[in-house]
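Novice: Before I ask anything, here is the structure I am working with.
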Amino acid sequence: MTGTSADRSAHPTAPLLELAGVGHTYTGQRRRTTVLRNIDYTFERGTFYSVLGPSGSGKTTLLALAGGLDTPTQGTVRFLGRDLTRLGLGRYRNRHAATVFQQYNLLTYMTALRNVTTAMEITGARPATGTRKEHALRLLAELGVDAATARRNVLRLSGGQQQRVAIARALACDVELLFADEPTGNLDEDTAADIIETFRSLAHDRGTCVVVVTHSQQLAARSDRILHLRKGRLTEQPGGAGPARLP
Ligand SMILES: Nc1ncnc2c1ncn2[C@@H]1O[C@H](COP(=O)(O)OP(=O)(O)OP(=O)(O)O)[C@@H](O)[C@H]1O
Ligand SMILES: [Mg+2]
């Protein structure tokens, strides 16, 4: 895992990620839209969470706040007890939290392979064996992106291929938290199921906290904890695949 001792020693016994009284209101030219209201929730290491909720219920907004892409208009988000705004959102994203975006957000002037290795360089991820490039190619291959495809500019890949590259990029980062916004929306059922199992083992074998937004009850059932967003509130549904097993 990466992260400087300064980040880690802040509050070593504090929860990994804590939302405290989090609310979010978008202010447009004509009106204000309150999307999230007074959310208190703690995300733990080694646990695979899924988030369900109707379109427009604020799932992407929740991930943006938890992933350090935006700051809540009410309340605080704390990583190991430190307010993200004090830790620095950029620092948090670079060292501790990776996101698979709903729209992928790949660097479009690069090949698929460079997208993955660049993310590894930024987060300081070092593979257990071989070079970053070899590791990136291995991960891409596991996700069904062959070496020739990996060397093509991402704009020339299909939606499903881009989604796999975005997932490989997040998996390659050595971070404590992984957020994924409908990461299987463009994939066939079998590939989607494989990817969900990859997320599950990342949580259980590497101790990563994985949070996945999905519309699929079937995929959500493979997670440890199922969360629902509705009318701005976050609730937990019993019936996940089982309690977290800490490594
Ligand atoms: N930048 C923004 N400015 C204003 N309103 C926004 C902004 N982003 C999102 N919203 C509004 O906030 C609400 C929640 O949006 P969000 O994207 O978080 O929902 P979602 O649950 O991810 O939806 P979907 O399942 O369609 O992806 C929606 O009503 C949306 O229109
Ligand atoms: Mg969304």
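What follows is calculated from the coordinates using simple rules that are stated; it is not laboratory data. It should be emphasised that the depicted structure is a prediction, and the values quoted were computed from it without experimental measurement. Positions of Cβ are backbone-derived with ideal geometry, glycine not excepted, and every protein chain shown enters the neighbour counts.
Novice: How big is the Cα convex hull of the range 124-208 in projection, averaged over all directions, in nm²?
Specialist: Computing the convex hull of the Cα atoms and averaging its projections yields 5.7 nm².
Novice: Only Cα pairs under 8 Å and at least 6 apart count here; give the relative contact order of the range 35-136 as a rounded whole percent.
Specialist: 18
Novice: Dividing the convex hull volume of the Cα atoms of the chain by its residue count, what figure in Å³ per residue is obtained? Each step should come with its number before you reach the end.
Specialist: On the way: hull volume 31.9 nm³, N = 247.
In the chain, the Cα convex hull volume per residue is 129 Å³.
Novice: Need the full-extension length gain, R31 to E236, defined as separation in residues times 0.36 nm minus the C-alpha distance. One decimal, nm.
Specialist: On the way: separation 205, 0.36 × 205 = 73.80 nm, distance 3.03 nm.
Extra length from R31 to E236 when fully extended: 70.8 nm.
Novice: On to the next question. Add -39500 (n - 2.57) for each DSSP H run of 4 or more in the chain, then divide by its residues: what number comes out at 222 nm, to the nearest 500 deg cm²/dmol?
Specialist: Numbers: 10 runs with 87 residues, N = 247.
It comes out at -10000 deg cm²/dmol, rounded to the nearest 500.
Novice: Could you give the length gained by full extension between N38 and R152, i.e. 0.36 nm per residue of separation minus their alpha carbon distance, to one decimal place?
Specialist: 36.6 nm
Novice: Listing H228, H24, H96, H204 from the residue with the fewest other Cβ atoms within 10 Å to the one with the most, what is the order?
Specialist: Final ranking by Cβ density, sparse to dense: H228, H204, H24, H96.
Novice: Taking θ = phi - 60°, what integer Hz values does the Karplus form 6.51 cos²θ - 1.76 cosθ + 1.60 yield along the range 72-82, in sequence order, with x for Gly and Pro?
Specialist: x, 7, 9, x, 9, 10, 10, 10, 6, x, 9
Novice: Per 0.36 nm of contour for each residue apart, how much would the distance between Q218 and R206 grow if the chain were fully extended, relative to their Cα-Cα spacing?
Specialist: Full extension of this stretch gives 2.0 nm more.
Novice: In the chain, what percentage of the DSSP-assigned beta bridges are antiparallel, given to the nearest 5?
Specialist: The antiparallel fraction comes to roughly 55 percent.
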